[in-house]
Amino acid sequence: MKKIGFFGGCFNPPTNIHIKLANNLIKTKKLDKVIFIPVNDTYEKNELISANHRLNMLKLAIKDYSNLEVDDIEIKENKKLFAVDAFKLIKEKYSKNCEIFFIMGSDNFEKMSKWKEYNKIKNQKFIVINRNKNQISSTQIREMIANNNSEVQKYLSKEVYKYIEQNKLYKL
């Protein structure tokens with residue numbers, strides 16, 4: 001049975017850190033693949049650009065990795081989703097032929113007991129990631145883009161950076 005990790009998030013923008021992390025989990029957790037699941041446009045977060053842009057950038061970011069995929073399963077749902085809803089959609093689509101692992105940061109994992117219908121999701125299989133305190137955040141990357149800081153190019157794939165420039169994303 002295949003082991004698949006589902007990495008949900010904003011990916012605003014998707015960074016080299018996201019890709020490196022996914023590839024590292026494939027090796028260390030012996031996953032067959034990691035599937036990125038970007039949140040839809042109803043997700044309430046400041047500075048969140050359209051789901052279509054984030055989906056397109058994710059596709060560009062992973063194009064050279066056969067064991068990484070993107071699924072727009074949440075984007076297709078044109079309503080606010082909670083983790084319990086997203087987990088249900090993923091399980092309905094994938095659980096017939098694979099073992100499912102939900103990838104999340106330790107910050108979210110610690111808050112999970114307060115989430116809607118926690119009892120329905122608490123027994124899932126999770127891969128919890130500790131955020132490195134020195135790791136650059138997507139917020140910092142957006143600020144670098146807005147300030148035309150060329151250093152940002154080392155945190156994004158060339159294709160993602162080009163897409164951001166062409167579409168004038170994250171500019172002040």
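With each run of n ≥ 4 DSSP H residues scored as -39500 (n - 2.57), what mean residue ellipticity at 222 nm is computed for the chain after dividing by its residue count and rounding to the nearest 500 deg cm²/dmol? Working shown, then result.
Details: 7 runs with 65 residues, N = 172.
After summing the helix terms and dividing by residue count, I get -11000 deg cm²/dmol.
Cα atoms only, the range 85-172: Rg and Dmax in Å?
Both quantities, over Cα of the range 85-172: 17.8, 47 Å.
In square nanometres, what is one fourth of the surface area of the convex hull spanned by the alpha carbons of the chain?
Values: hull surface 40.2 nm².
Mean shadow area of the hull around the Cα atoms is 10.0 nm².
For the modelled label position 7 Å from the Cα of N67 along Cα-to-Cβ, which residues of the range 12-30 have backbone nitrogen atoms closer than 15 Å?
Output list for this probe position: 19-30.
Taking 8 Å as the Cα distance limit and 6 or more residues as the minimum spacing, I'd like the relative contact order of the range 1-67 as a percentage.
Values: 69 pairs, mean separation 28.6, N = 67.
With pairs under 8 Å counted, the relative contact order is 43 percent.
In nm, to one decimal, how far is the modelled label at N16 from the one at K120, with both set 7 Å along Cα→Cβ?
The two pseudo-label positions are separated by 4.1 nm.
In percent, how large is the relative contact order of the chain, given Cα pairs closer than 8 Å and 6 or more residues apart?
This gives 27 percent for the chain.
Rounded to the nearest 0.05, what FRET efficiency do R131 and E92 give with R0 = 35 Å and r taken as the Cβ-Cβ distance? Could you check?
On the way: r = 30 Å, r/R0 = 0.85.
Once rounded, the FRET efficiency stands at 0.70.
Any idea what the dipole of the range 65-106 comes to, in debye rounded to 20, about its Cα centre with Lys/Arg Cβ at +1 and Asp/Glu Cβ at -1?
For the range 65-106, the charge dipole is close to 180 debye.
Charges only on Cβ, +1 for Lys and Arg, -1 for Asp and Glu: so what's the dipole of the chain about the Cα centre, in debye to the nearest 20?
460 debye
Relative contact order, percent, of the range 99-157 when contacts are C-alpha pairs under 8 Å separated by at least 6 residues? Please list the in-between numbers first.
Working: 35 pairs, mean separation 20.3, N = 59.
Value for the range 99-157: 34 percent.
Hey, what do the phi angles of the range 36-44 turn into as Karplus ³J(HN,Hα) couplings, whole Hz, using 6.51/-1.76/1.60 and θ = phi - 60°, x for Gly and Pro?
Values, residue by residue: 7, 10, x, 5, 8, 6, 7, 5, 8 Hz.
Is the shape of the range 1-45 rounded, prolate or oblate, going by the alpha carbon gyration tensor and its root eigenvalues a ≥ b ≥ c, with a/c under 1.5 for rounded and a/b larger than b/c for prolate?
Working: a/c = 3.98, a/b = 1.75, b/c = 2.28.
Since a/c reaches 1.5 but b/c is at least a/b, the shape of the range 1-45 is classed as oblate.
Give me a comma-separated list of calculated 3J(HN,Hα) values for the range 117-123, in order, Karplus coefficients 6.51, -1.76, 1.60 applied at θ = phi - 60°, integers in Hz, x for any Gly or Pro.
6, 3, 4, 7, 10, 5, 9
How do the peptides 109-117, 18-26 rank, highest first, by the average count of neighbouring beta carbon atoms within 10 Å per residue?
Numbers: 109-117: 11.7, 18-26: 17.2.
For the peptides 109-117, 18-26, the packing ranking is 18-26, 109-117.
No value in this document is a laboratory result; all are computed from the given coordinates. Quantities reported herein were computed from a predicted structural model and do not represent experimental measurements. Here Cβ is always computed from backbone atoms with ideal geometry, including for glycine, and neighbour counts include all displayed protein chains.
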